[in-house]
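Shown next, in structure tokens, is the structure this report addresses.
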Amino acid sequence: MANRIFNTTTTTLDEQLSETDKRVPEYYKGKDGYEARKVCDNFDLPYHLATATTYIIRAYHKHDTPIDCLTKAIAHLEFELEKFNNQKF
């Protein structure tokens with residue numbers, strides 16, 4: 001019964017990575033395969049800064065013009081500033 005519930009197939013690391021890569025759109029990947037989300041995770045960016053960063057990274061790759069992505073990035077930077085300015089020290 002356990003064999004029907006759990007996949008016991010052995011996969012290599014390369015196979016796992018290629019599966020992961022299929023879930024990430026190309027406009028979130030850099031020239032050397034760096035993924036926007038992994039860069040944000042590596043820097044421990046808070047939500048709004050990470051979201052702004054991903055919009056900036058994809059700005060010239062997802063749409064014909066970067067205007068929509070850059071506008072969204074600016075909005076998230078403003079959200080982060082509001083959050084920071086509302087903190088009580």
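Laboratory data are not the source of any read-out in this text; all were calculated from the coordinates shown. Quick caveat: nothing in here was measured; it's all calculated off a predicted structure. A quick note on method: Cβ atoms are made from the backbone with ideal geometry, for glycine too, and the neighbour counts reach across all protein chains shown.
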- Query: Taking square-rooted eigenvalues a ≥ b ≥ c of the alpha carbon gyration tensor, is the range 14-85 rounded, prolate or oblate, where a/c under 1.5 means rounded and, failing that, a/b exceeding b/c means prolate?
  - Reply: oblate
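Excluding Tyr47 itself, what net charge comes from residues whose Cβ is under 14 Å from its Cβ, given Lys and Arg +1 and Asp and Glu -1? Intermediate results must be reported in sequence, preceding the final value.
Numbers: positive: Arg37, Lys72, Lys83; negative: Asp41, Asp44, Glu78, Glu80, Glu82.
So the environment of Tyr47 carries a net charge of -2.
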- Message: Which order do the peptides 51-64, 22-35 come out in when sorted by mean C-beta neighbours inside 10 angstrom, highest first?
- Response: 51-64, 22-35
- Residues whose built amide H sits under 5 Å from the amide H of Val24, excluding neighbours closer than 5 in sequence, are none
